[in-house]
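The values are calculated or read from the model by the stated rules, or taken from the named source; none is laboratory data. These numbers were taken from a predicted model, which means no experiment stands behind them. Note: ideal-geometry Cβ built from the backbone for every residue, glycine included; neighbour counts use all protein chains shown.
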Amino acid sequence: MQILVVGASGATGRLLVQDLLTQGHSVRVVVRDASRLPAAIRGHHRLSVTEASLLALSDAQLAELTEGCAAIASCLGHNLTLRGLFGRPRRLVTDAIRRLCAAAAAHRPALPVRLVLMNTAANRNPDAGEATGFGERLLTGLMRLLLPPHADNEQAAQYLRSTIGDRHEHLAWVAVRPDSLFDEPAVSRYSVHPSPTRSALFDPGRTSRRNVAHFMAQLIADDALWQTWQGQMPVIYNTAADTGK
């Protein structure tokens, strides 16, 4: 399977690329600096690297990147620096998803391209009727106003829910929502839920990047798992024994 991964040099993206290569897939990545890819995968014979800023690519270049891809995975995010949080591009994830979807759909693939977006448990899914208390709604509203990355994550998921929807002829999607990311060396026990089982703001869970990458790779490769979560926004948590909580 040919797969395009964006955000591949990030902490979760590089793990996802590693998993996909281990599974035997051919992987294309777009990174601004190829040296940030781990040496163990940088020279892999099934890895194709485009060194560029994703949003600076032309429509023709994006069409070339997405041609023949059965899946697209996004681990894009904003750096936790002042420039990353408040500088441009403020709609990095949303604009990337919108353009990648358009490029992939333009090829009119026989089977829908699977798009897997790494999102956040702090983003609620209104289509699933996920209720929040007054305090959480107030804090979320402030985050939306004051933290551009949060609004970007919301808008990216909204684009998939509202514009792509569940009846698109050439695209299908899943938005994976981890909570309080942390690093661990190996895949551990985790659970996946249709909606949050706790408040991401007042009672957060924890999710290892290693487990997020594992789940995203399994979604792409496993037809039954994909059918289970297609068009949804599953929330992933490490089990309590593996988080210390």
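Before moving on, here are some points about what is shown:
- Exactly one residue out of Ala128, Ala63, Ala39 is at pLDDT below 95, within 23 Å of Arg167 (Cα to Cα) and surrounded by fewer than 18 Cβ atoms within 10 Å (Cβ to Cβ), and it is Ala128.
- Sole residue being surrounded by fewer than 22 Cβ atoms within 10 Å (Cβ to Cβ), farther than 24 Å from His214 by Cα, in contact with a helix residue (DSSP H, G or I) (Cβ under 6 Å, 6 or more places away or on another chain) and modelled with pLDDT under 95, chosen from Arg144, Arg88, Arg137, Arg83: Arg144
- Within the range 7-36, considering residues that are crowded, with 24+ Cβ neighbours inside 10 Å and under 15 Å from Arg114 (Cβ atoms), the one nearest to the chain's Cα centre (by Cα): Leu16
- Picking from residues in the range 186-242 that are surrounded by fewer than 16 Cβ atoms within 10 Å (Cβ to Cβ) and hydroxyl-bearing (Ser, Thr, Tyr), the one that is farthest from Phe134 (Cα to Cα) is Ser188.
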